[in-house]
Amino acid sequence: MSLTHRPLILAGALAIFVGGYAAAQEIPGAPVTQEAPAPVKPTAPPEGDVRYDPGASEPETGEDVLVTEDRPMEKGRATTRVRREDLEVRQPRSAPDALRYEPGVYVQQTAHAQGSAFIRGRTGQQTVLLFDEVRLNNSLFRQGPNQYFFTIDSRTIDHIDVLRGSASTRYGSDALAGVVGAAPLEPTWAPGEGLKLNARAMTRHATADQEWGGRVQLDGQLAEGLGFIAGIGYRDVGLLESGGPIYNPENGKLPEVPRFDEDGRTQLGTGFRELTDDLRLVWKADRDVELTLAWYDYRQFDAPRTDQCPPAYAPFNECLEYEEQFRSLLYGAIDADLGPAAEEARVVVSWQKQHERRAQERPSSFVLNGGRDDVDTFGVLMRAATAPLRLEAPVSMRLRYGIDAYRDTVESVAWLTFTDLDITRVRSRGQYLDGSSYAWGGAWSEAEVTLLNEVVVRIGGRISHMEAKAPGDDPSGTLPVDRSWTTPVGNVGIEWWTTPWLTLLASADQGFRAPNLDDLTSRQQTGPGFQFENAALEPEEALTLEVGAQVASTWVELDAWVYHSTLEGSIARAPRNSQECPPDTRQCGSSWSRFQLVNLPGEAVIWGAEGSVKLKLPAGFSVRSTLSYAWGDGPNPQERPADPTLAYEERVPLSRIPPLNGSVEALWRGYGAWFGAAMRWATLQDRLALGDISDERIPRGGTPGFQVYDLRAGYRWDRHLMGALVVENITDEAYRYHGSSVNGPGRGLVFSLEAAY
Amino acid sequence: MKMNVLRSSKRLLALLGAVALLGLTACGEDDPEPTPVANNSTANNSTANNNPVNNNPVNNNPVNNNPVNNNPVNNNPVNNNPVIDETMVPAECILETDYSPGADDMWPACITDDNAYHNVEPNISTSARIAAFEEIATLLWRNGAGSGEDFLSARESYAVAEGLDSRVSRREDEHYPPVSDGQGGTLSCRDEGVPAMDPDRCVGPAQMIPILNDAFQKGAQGMDPEINAARIEATLLWFLLLSVHKEAVTCTNTKKDCDSSYAYYTGDQPRETAIGLAGYVAAASPAAHDRIWDGILAVRCWRDLDGADVATDLEQRDLALEQLDQALHYGVSRVVIERVEALMGHTGVAAEADWAFIQILGSALLREAGELNAAEAAKLEAAFTQDTPAGVDLDEVVMSLYATFGCP
């Protein structure tokens, strides 16, 4: 633990102590203290859970159709929310795709069927993904981008919150750079009525990838207080036609990834099929207790990894395909108001299974390398908040607290099949070690003190404990793992409502990430090269310092942040030579590049600025613009060469830091209709890490900049009918998000129709 | 009201349970089971081994855009003398333009003058592929005939990700021009249908892969293990021969390909203990091995002197490539001669295996032979297309090889 982080930990410990004392003073039955006065105004964006009811009223600006419920993500931080109405207008292809217009977020795609949100320059295992507060992160989340947020069916989402910056106090391990939380659709309630059902059918078509899909949904209430929502979705997505190839800035040549069909536009290694089903049962047992039982099942089939289908320089018919990418989530939740000591209490017990089955086929040689990795995660979380406690006027305090625990068990197997002989040889180990387990949990508390009715100070802390166990595997020279870590973190923040329209904010938040099973045990071919494990890794620890300003007036909403994030002991890929490869891992030696994960000495730094501004103009017009910039460097993972004449830099760019980028959206709404235009842009990113240079997803010399324009229109007739149309990429721009294997869709139409009864 | 709620809840829970079962089906029941493979005897349930070269398309277009062809030739000083000292390079074989490490020659001082190869990059992934070649050799031909299980193990080494198979299947012979699209552009041998359009250029997918697939498949089934091992051995040596040259050529644009060229020959081992193709050549002709080594250093020297990302001194490059390529073909011709001489003392399966080896690796020399001595090349081609060695004058084959490849 670094000295620089100690003050925050002490602050966190103090918060837990003081908070615990405060909670003890407010046990049920004790005299209820008077509630603190409401804040002058809420910080933007709204903290409450926003539920979209499409038929609630005639939309004018869009705000009217929002129903608010208090289920906050985190106050006083850099957050944004993508609402259901935004999804209707933007018509994203997936849950990650829905985040493309959020400041500080940059969505990378290794495959057409995958998407990973970079938040302030970090992604994958360095961010936390939630679905209805249940962690999607498990111990197999790998370095760099991953596909798991794609396994949330965007048609089941009510809204998505993005929290930028370290947030481990509340969200535990992995929350180094941010949190993405999806909230599901809720049943439609009909107070005072009995059985009431709503049937809904949706269909969607996109021309660029010949997507056809839809969802049928039934929701409503079976009896007063007992509601449900159930649905089944399917879509079949074809090869994605881009606006054409992009070229290497370095030499003007065509990058090896992706490979194009004869038309020079259609990208091989794209397309997939998807089947989803879900059922959510909600019982409002009484005024203060709500029980939820929910099931969300996502099944993706035959999704090629674009940069490996075919791999760079390989024959056209070689392909790595995710034959099955499944995620099943079952959970039960109790939301209750248990009195002043535990308002907004929530307990969730969950089981989640993530299943992957891969096949890398070389038909010309009759070789198929297969693998299957399953992880079962059992989890429990509890959180609550005390009622506001008035201390000495004008000071009041509220305490939030919680505990959470998750445990993963892993199955992993790999095999080689000679398809001409129908002979299979099972490897001694899979990508991971079969029988591994990983457990993590912690307790946290945050105190929120309101002073003079205009300043809010927040201070919090968490203590976490993680354990990793994995058996050894002698044939492959894999050592057993039996590690544990206990990590304290803390945070402190201040929010000053300077005027009715201006709020200034500052915070210091720690994040940490304990090495997971992917770091400690995996062997796999990654984009930059072959990566093998390091069982001796230690946690990486982040500290985010940020200041922000929020303006909320009748006409303008502005949200601007500047941040500085350091990461100590960052886990990064260090180049290795073939002699350092583990035994019985031939693909390590023969790979163009080899890496082992190491804790780098010194600090990796990302600093940047981001923000959004929304102008709410008369007559239903609005314009929103975002801007994001990040700059990152860190210690050179390559050892200094023995030859002093060779060039060597102590610090090098961090991998896949997004370029300067932004967006503009203009929209008119009225009489149930909308019409608008949008533009996304990014500049050239040519600051490349060592791993980026050997990564075929990144063109030689960096990823060129782009400007992409969309037109949007739609109409909603109450709850009965909705039609939306997007003309995407109207200039047919050839473009690629930095680090992606896939170029963006070329000019095309996205059409969505929804009918309900 | 409460009863209604409970009834409804039960129905929904039952439905939920049914749907939950769906989630439980994402299990491993459909994982493949390891296939039990009998440790097949090497019984020779023969499969008439008719022409292991698999209808090798004739080398009909050895184009002259190859820098090798502007050679100040000295292609036949030995004059059919079958008694040659393979430990020495005849003085008349050494050209003024040849590079010799540390010698007082026309080459400027460069990084390889210390007679050592200096890597462009610290790691050479090619060395893992040569290690795989050595594993295959141990399994299939260095310790007697391999069993069916040995062939499977060898194929596993061959088929590893980014291993030999991945490179054989994309190997192009840089002695031939890129495949033309007929409109002034070129096509890639990696694309569908292109290998069949030009099997000489797309030699890996069009010619080598079919031989290797067939030999591995039959060997795993216990069919003709000696013969199929010889086919694999010869085809992989052919691949290594072309790869040394190919990587030296593409080092023009990608500097680290010089490392691959060096490693495809030596296995990234020192000159004295080199493995892979170098091991074969060094055993058959130490002089050829020395000359190939000098050729590899010549390529590295050129790329040291021409340090731009994309090389510009193509004249110097062509001299180095010529030196290397001539020595390579000479060295491989000595490996073939050695096998022909072995065949003369063998009968039965051993002789068939020798002939399978000679047909494949001998045919790999025909393009170069045609450039050096068309008449002798025609004789060699006529011999190598014979199904069996029975009707072949093996002495004449040796004489033709000596006559054609006179100088390393």
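Volume per residue for the stretch A:240-351 equals 182 cubic angstrom (convex hull of Cα atoms).
About the Cα centre of the protein assembly as shown, how large is the charge dipole given +1 on each Lys and Arg Cβ and -1 on each Asp and Glu Cβ? Please answer in debye to the nearest 20. Once rounded to the nearest 20, the dipole reads 4240 debye. Within straight-line reach of B:K256, meaning a Cα separation under 12 Å, sit the following aspartates and glutamates at least 8 residues removed in sequence or on another chain: B:E121, B:E247, B:D304, B:D309.
Are any of the pairs A:K75/A:K469; A:K253/B:K246; A:K196/A:K353; A:K284/A:K614 more than 30 Å apart by Cα-Cα distance, and if so, which? Write out the running numbers ahead of the final one.
Working: A:K75/A:K469 36 Å; A:K253/B:K246 20 Å; A:K196/A:K353 33 Å; A:K284/A:K614 37 Å.
Those over the limit are A:K75/A:K469; A:K196/A:K353; A:K284/A:K614.
Taking θ as phi - 60° and the Karplus parameters 6.51, -1.76 and 1.60, the scalar couplings of the stretch A:224-238 work out to 4, x, 10, x, 8, 8, 9, x, 9, x, 8, 7, 10, 10, x Hz in sequence order, x denoting glycine and proline.
A:D422 to A:L684: FRET efficiency via 1/(1 + (r/R0)^6), r the Cβ-Cβ distance, R0 56 Å, to the nearest 0.05? Intermediate results must be reported in sequence, preceding the final value.
On the way: r = 50 Å, r/R0 = 0.89.
Efficiency computed from Cβ-Cβ geometry: 0.65.
May I ask for the percentage of alpha-carbon pairs in the protein assembly as shown that lie more than 46 Å from each other? Everything past 46 Å amounts to 40 percent. Taken along the Cα-to-beta-carbon direction at a fixed 7 Å, the label points for A:T499 and B:A350 span 10.0 nm. Remark: C-alpha extents of the stretch A:572-687 on the principal axes read 69, 33, 22 Å, sorted largest to smallest.
Residue ranking by accessible heavy-atom surface, 1.4 Å probe, largest first, among A:E324, B:E247 comes out as A:E324, B:E247.
Normalising the average separation of contacting C-alpha pairs (under 8 angstrom, six or more residues apart) by the number of residues puts the relative contact order of chain A at 14 percent. Note on the protein assembly as shown: helix-only mean residue ellipticity at 222 nm, from DSSP H runs of 4+ residues weighted -39500 (n - 2.57) and normalised by residue number, equals -7000 deg cm²/dmol. Summing charges over neighbours of A:G214, with a neighbour being any other residue whose Cβ is under 10 Å away from its Cβ, gives +3 when K and R count +1 and D and E count -1.
Give me the net charge of A:G746's neighbourhood, meaning all other residues with Cβ under 15 Å from the Cβ of A:G746; Lys, Arg count +1, Asp, Glu -1.
Numbers: positive: A:R93, A:R265, A:R680, A:R736, A:R747; negative: A:D209, A:E211, A:E241, A:D261, A:D263, A:D710, A:E728, A:D732, A:E733.
So the surrounding residues net to -4.
Considering only A:H205, A:P363, A:A756, the residue lying farthest towards the positive end of the dipole of the protein assembly as shown is A:A756, judged by Cα position with unit charges set on Cβ. Electrostatic tally near A:F532: other residues with Cβ closer than 15 Å to its Cβ, Lys and Arg +1, Asp and Glu -1, net +1.
Expressed as a whole number of Å, what is the distance separating the alpha-carbon centroids of the stretch A:349-413 and the stretch A:652-716? For the stretch A:652-716 versus the stretch A:349-413, the Cα centre distance is 29 Å.
Please list, by residue number, every one of the GluC sites (Glu not before Pro) in the stretch A:153-260 that is coil in DSSP and has at most 12 other beta-carbon atoms within 10 Å. Display every interim value, and only then the final one.
Numbers: sites: A:E193, A:E211, A:E224, A:E241, A:E250, A:E256; in loops: A:E193, A:E224, A:E250, A:E256.
When the GluC sites (Glu not before Pro) of the stretch A:153-260 are filtered for loop state and at most 12 Cβ neighbours within 10 Å, A:E193, A:E250 remain.
Provide the gained length on full extension for the span A:V623 to A:D337, in nm with one decimal, where the gain is 0.36 nm per separating residue minus the Cα-Cα distance. Display every interim value, and only then the final one.
Numbers: separation 286, 0.36 × 286 = 102.96 nm, distance 3.93 nm.
Length gained, A:V623 through A:D337: 99.0 nm.
Restricting the stretch A:640-735 to GluC sites (Glu not before Pro) that sit in a DSSP loop and have at most 16 other Cβ atoms within 10 Å of their own Cβ leaves A:E649, A:E650. For the peptides B:378-391, A:292-305, the ranking by packing is A:292-305, B:378-391, with the highest mean count of neighbouring Cβ atoms within 10 Å listed first.
Here the Debye sum runs over all C-alpha atoms of the stretch B:246-381 as equal scatterers in vacuum, and log10 of I(q)/I(0) at q = 0.16, 0.20, 0.22 Å⁻¹ comes out as -0.86, -1.15, -1.26.
The values are calculated or read from the model by the stated rules, or taken from the named source; none is laboratory data. What you are looking at is a predicted structure, and each value in this text was computed from that prediction instead of being measured. Here the Cβ is made from the backbone with ideal geometry for all residues, glycine too, and neighbour counts use every protein chain on show. When the accessible area is computed, the model is the full protein with side chains, heavy atoms only, and any ligands, DNA or RNA have been set aside. Shrake-Rupley method; radii C 1.70, N 1.55, O 1.52, S 1.80 Å.
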